[in-house]
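The values are calculated or read from the model by the stated rules, or taken from the named source; none is laboratory data. Bear in mind that the values here come from a model prediction, so they are computed numbers and not experimental data. In this analysis, Cβ positions are derived from the backbone assuming ideal geometry, glycine residues included, and neighbour counts consider all displayed protein chains. The protein model used for the area step is the full one, side chains on, heavy atoms only, and it has no ligands, DNA or RNA in it. Shrake-Rupley method; radii C 1.70, N 1.55, O 1.52, S 1.80 Å.
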Amino acid sequence: MNTTPCIITCAITGSLPQKADNPAVPVTPAEQIESIHAAFEAGATLVHLHVRQDDGRPSSDPERFAEVQDGIRKHCPGIIIQFSTGGRSGAGRERGAHLALNPDMGSLATGSVNFPTRVYDNAPDLVDWLAAEMRERRIKLEIEAFDLSMIFQAAKMEADGRIQGPLHVQFVMGIRNAMPVDRRVFEFYIETLKRLSPQATFTGAGIGRDALTLARWSMELGGHVRTGMEDNVRLDKTTLAPSNAALVQQVVGEMAAFKRHPASVTEARALLGLPAAA
Ligand code: MG
């Protein structure tokens, strides 16, 4: 059967403090590296990374990012490393200090949105600064689109040179107080992105109970998928699967039904226009 490659992103940890005491969520650098390695062996070729202090509070310490990045590069050859620039909303340019470590990719939300208990704050000057840092360092962006305006903003930034294309956009659905999981809106996101930026690639990310729904839609409609504990720890501390690797296996198990296969490192890098692994 002819299948097309699908990049699996594993968002292993996230930054919400209340998730840190869950044994399924890796916290220390050693735990993170081990969890990424297992997810990589299961088929993930892109890791979305937040780091934490040992007590679980979110951290933006570049030294922690460096430690995890070194471990990943050693144990998971060629995996695409994406640093989050979110998760520390309100911290200003601290959110980009770790970009000096030159990861393959960095995430960037191109607007603000309500989250379950707060505003995810992305002021225009901070968005521009983060985009400029990444452009200068040739770090590929992943646009985090929490609503339609963020897709338009990303396309505008690509058109005027603030972002180096082609765009890679992640559509996030299912966060309480933000965009719900809605098939017609998801299709309209894709249609709009392709109209504004025809070379763009996309990923579907669903939160909590909707994680698999978005993965299936995205596989069906030619996109890529994201899974991982960042999106899958419920407030009652239950998880959709016991580990990051198990979440990746769950997605891998669905692929054949959509004529997709987990992208190899080589395929994932080519699809995203990244240099081949050293
Ligand atoms: Mg994140």
MET105 versus (1) over 20 Å from GLN69 (Cβ atoms); (2) open to solvent by less than 60 Å² (accessible area, probe 1.4 Å): which is the lone unmet condition?
(1)
Any idea which of GLY92, GLY96 is more than 29 Å from PRO180 (Cβ to Cβ) and within 15 Å of the ligand (Cβ to nearest atom)?
GLY96
Can you go through THR238, THR227 and tell me which one is free of Cβ contacts under 8 Å to residues at least 12 places away in the same chain and β-branched (Val, Ile, Thr)?
THR238
Neighbours by Cβ (under 6 Å, 6+ apart or cross-chain): first from region 14-28, among the acidic types (Asp, Glu); second open to solvent by less than 40 Å² (accessible area, probe 1.4 Å):
none
Can you work out which of the residues in region 108-131 that are buried (at least 17 other Cβ atoms within 10 Å of the Cβ) and hydroxyl-bearing (Ser, Thr, Tyr) is farthest from PHE40 (Cα to Cα)?
SER112
Among the listed residues ALA215, ALA241, identify the single one that is among the small types (Gly, Ala, Ser) and more than 22 Å from THR3 (Cβ to Cβ).
ALA241
Looking only at helices (runs of 4 or more DSSP H) that fall completely inside region 200-270, which ones have 3 or more residues that are at pLDDT below 95 and open to solvent by less than 60 Å² (accessible area, probe 1.4 Å)?
229-232
Any chance you could count how many residues in region 70-91 are open to solvent by less than 20 Å² (accessible area, probe 1.4 Å) and over 30 Å from GLU267 (Cβ atoms)?
0
When you scan region 167-195, how many residues do you find that are touching a residue at least 12 places away in the same chain (Cβ under 8 Å), open to solvent by 60 Å² or more (accessible area, probe 1.4 Å) and either farther than 24 Å from VAL251 by Cα or in a helix (DSSP H, G or I) (or both)?
4
Counting only residues that are over 16 Å from PHE83 (Cβ atoms) and open to solvent by 10 Å² or more (accessible area, probe 1.4 Å), how many does region 133-154 have?
6
Among the residues of region 50-69 satisfying the criterion of being open to solvent by less than 70 Å² (accessible area, probe 1.4 Å) and touching a residue at least 40 places away in the same chain (Cβ under 8 Å), which is nearest to the ligand (Cβ to nearest atom)?
HIS50
Please determine whether any residue of region 103-112 is at pLDDT 95 or above, acidic (Asp, Glu), outside any strand (DSSP E or B) and within 16 Å of the ligand (Cβ to nearest atom).
yes
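This table checks each residue for (1) at pLDDT below 95; (2) of a type in the set (A, V, I, L, M).
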| site | (1), (2) |
| --- | --- |
| ILE79 | no, yes |
| PRO116 | yes, no |
| VAL127 | no, yes |
| LEU130 | no, yes |
| ARG138 | no, no |
| LEU148 | no, yes |
| GLN153 | no, no |
| GLU158 | no, no |
| VAL172 | no, yes |
